[in-house]
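This report refers to the structure that appears directly beneath it.
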Amino acid sequence: MVDRSGGPDGVLLLDKPAGITSTRALARAKRLLGSLKGGHTGTLDPFATGLLPLVFGEATKFSRFLLDSGKSYQAVLRLGEETPTGDTESVVSRKRDVNVNTATIDEVIASFLGLQKQIPPMHSAVHVAGRRLYEYARAGEEVERPVRDVEIEAIHRLALEGNDLTISVACSKGTYIRTLGQDIGEKLGCGAHLVALRRTAVGGFELAQAMTFEALEAQGQARARERLLPPEALVAGLARLDVTDAEADHFGHGRIFVHAGGEPGEEIAIYAPGGRFLGAARRGEEGRVVALRLMSPPLAKTPVFA
């Protein structure tokens, strides 16, 4: 990775442990990597574990392309018990009898497949009227929450041990697994809350690629930096456009250029001759290519169009 300002450029796939916020996980990773600039691509609740992609340096410019990606989880629902937060961050507030079998469970969870509406939980970071929902919840207030369109792309029962139901879920961005767990429990007639949640995939990244803090610390800063994925890993899902030297010069200076192909509105990843990643762009009308995000610094001056 290129070190531009005392820190690396790249993507760390972290296996976040339970008990810390995503913000704290980022701060610890920044210290380990010696990074001044970093961010995450979507939070994990403190009690949750698993894949948390963190971005550093130039890679922070392209985090949006991963924020919009689908995610996969493995969750354990405790049937017959409900909590205000829908997870283990609050105490059990209601207990109900559990009288279900695997056939009923499979039928119920299958009913959540596809597009649907979901209301974010009060204990979440969603903004309403300038405040986060969890701030209202901590003050004992309940406010009207915006309904979200989400999609459950796949959902399966993995195990049923006593009253603990383990499921796998693949879903769109913005899906709250806590809310899904509560909705499943309600539809089963017994209530439920999450007692474990592990994120297994984000976009094209898998948990098997992730590193723990212990592994990072054991390797030392130099080796840990070498394990970062390059910034262009974040735009792997975009169509690739290899441009000429002249087009690269235009793009590197934020100027529009014309390159036939694709559809208006399409977002694309731009590469210079030799395969150097330059940034992301959007196609406009009549072949125009408009820069969205640029790697820094701009390319050295090259011949431009006559």
### Query
Can you name every residue in the stretch 225-266 that is acidic (Asp, Glu), within 15 Å of Phe65 (Cβ to Cβ) and in contact (Cβ under 8 Å) with a residue 40 or more places away in the chain?
Glu232
### Query
Within the stretch 211-255, how many residues are polar (S, T, N, Q) and either within 20 Å of Ala201 (Cβ to Cβ) or open to solvent by less than 50 Å² (accessible area, probe 1.4 Å) (or both)?
1
### Message
List pairs: first residue in the stretch 194-209 and farther than 18 Å from Thr175 by Cβ and open to solvent by 20 Å² or more (accessible area, probe 1.4 Å), second residue among the basic types (Lys, Arg) and assigned to a strand (DSSP E or B) anywhere in the structure, Cβ distance under 6 angstrom, at least six positions apart or on different chains.
### Response
Val195/Arg78
### Query
Within the stretch 256-284, which residues are open to solvent by less than 50 Å² (accessible area, probe 1.4 Å), farther than 20 Å from Leu229 by Cβ and out of contact with any Lys or Arg (no Cβ under 7 Å at 6 or more places or on another chain)?
Phe257, His259, Gly261, Ala281, Arg283, Gly284
### Query
Restricting attention to the stretch 126-153, and to residues there that are part of a loop (DSSP other than H, G, I, E, B) and open to solvent by less than 50 Å² (accessible area, probe 1.4 Å), which single residue is modelled with the highest pLDDT?
Val143
### Task
Out of Leu26, Leu12, Leu36, report the one residue that is in a loop (DSSP other than H, G, I, E, B) and not charged (D, E, K, R).
Leu36
### Of residues in the stretch 178-192 being open to solvent by less than 10 Å² (accessible area, probe 1.4 Å) and aliphatic (A, V, I, L, M), the one farthest from Lys71 (Cα to Cα)
Ala192
### Query
What residue, among those in the stretch 285-298 that are open to solvent by less than 60 Å² (accessible area, probe 1.4 Å) and in contact (Cβ under 8 Å) with a residue 40 or more places away in the chain, is farthest from Arg64 (Cα to Cα)?
Val289
### Task
Report the residue count in the stretch 21-33 for those that are touching a Lys or Arg at 6+ places or on another chain (Cβ under 8 Å) and either hydrophobic (A, V, I, L, M, F, W, C) or surrounded by fewer than 17 Cβ atoms within 10 Å (Cβ to Cβ) (or both).
2
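The values are calculated or read from the model by the stated rules, or taken from the named source; none is laboratory data. The shown structure was predicted, so the numbers you read here are calculated from the model rather than taken from an experiment. Positions of Cβ are backbone-derived with ideal geometry, glycine not excepted, and every protein chain shown enters the neighbour counts. Protein only, heavy atoms only, side chains kept; ligands, DNA and RNA dropped before computing areas. Shrake-Rupley method; radii C 1.70, N 1.55, O 1.52, S 1.80 Å.
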